[in-house]
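J.: Could you have a look at this structure, given as structure tokens, before my questions?
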């Protein structure tokens with residue numbers, strides 16, 4: 001299996017450049033939505049097994065133009081549905097980043113040091129992210145969450 005077998009690259013799928021539609025909260029616990037969440041988790045696991053890295057993947061990268069992502073965080077797969085940024089740091093960092101859909105390009109990118117946002121988990125429960133952690137892992141995770 002190749003990464004290109006399940007992850008669209010820029011130029012292959014026009015929806016990578018479009019805003020994805022929100023997941024209906026009324027349908028979040030239905031079988032179809034749950035199967036999509038499971039599939040995206042499997043895609044991230046496959047990517048990590050093939051490459052040895054990969055912190056997060058969003059649904060549109062695998063052909064599902066809906067607003068949810070899976071993040072590898074604290075050795076677990078965290079599902080983030082319909083995220084909404086509520087606050088951003090004024091402090092910015094420059095960091096070399098890569099994207100699974102722009103492989104093998106690594107580009108210097110400026111992003112806020114941290115963000116706060118709300119999202120829903122796979123059970124439809126609202127959650128809040130506000131990790132203002134300036135350690136390497138905290139800065140990295142805040143960057144990953146800004147990719148959606």
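J.: Being surrounded by 12 or more Cβ atoms within 10 Å (Cβ to Cβ), modelled with pLDDT under 85 and closer than 14 Å to residue 71 by Cβ is the filter here; which residues of the range 127-142 pass it?
T.: Once the filter is applied, which keeps residues that are surrounded by 12 or more Cβ atoms within 10 Å (Cβ to Cβ), modelled with pLDDT under 85 and closer than 14 Å to residue 71 by Cβ, the range 127-142 yields 131, 138, 140, 141, 142.
J.: When residue 124 is evaluated against the numbered criteria (1) modelled with pLDDT of 95 or more; (2) more than 27 Å from residue 14 (Cα to Cα); (3) part of a strand (DSSP E or B), which criterion, by number, is the only one it fails?
T.: Failed condition: (3).
J.: If you scan the range 104-121, which residues turn out to be within 16 Å of the chain's Cα centre (by Cα) and assigned to a loop (DSSP other than H, G, I, E, B)?
T.: The answer is 114, 121.
J.: Give the range 60-84 a look and list any residue that's assigned to a strand (DSSP E or B) and free of Cβ contacts under 8 Å to residues at least 60 places away in the same chain, or say none.
T.: Residues satisfying the conditions are 66, 68, 70, 72, 76, 77, 78, 79, 81, 84.
J.: Report, by residue number, each residue of the range 1-54 that is over 23 Å from residue 125 (Cα atoms), surrounded by 17 or more Cβ atoms within 10 Å (Cβ to Cβ) and in contact with a strand residue (DSSP E or B) (Cβ under 9 Å, 6 or more places away or on another chain).
T.: Residues satisfying the conditions are 7, 43, 47, 54.
J.: Residue 101 is checked against (1) at pLDDT 90 or above; (2) farther than 21 Å from residue 41 by Cβ; (3) not in a strand (DSSP E or B) and fails just one. What number does that condition carry?
T.: If we test residue 101 against (1) at pLDDT 90 or above; (2) farther than 21 Å from residue 41 by Cβ; (3) not in a strand (DSSP E or B), just (2) comes out false.
The values are calculated or read from the model by the stated rules, or taken from the named source; none is laboratory data. None of the values given here were measured: they were computed from a predicted structure. Note: ideal-geometry Cβ built from the backbone for every residue, glycine included; neighbour counts use all protein chains shown.
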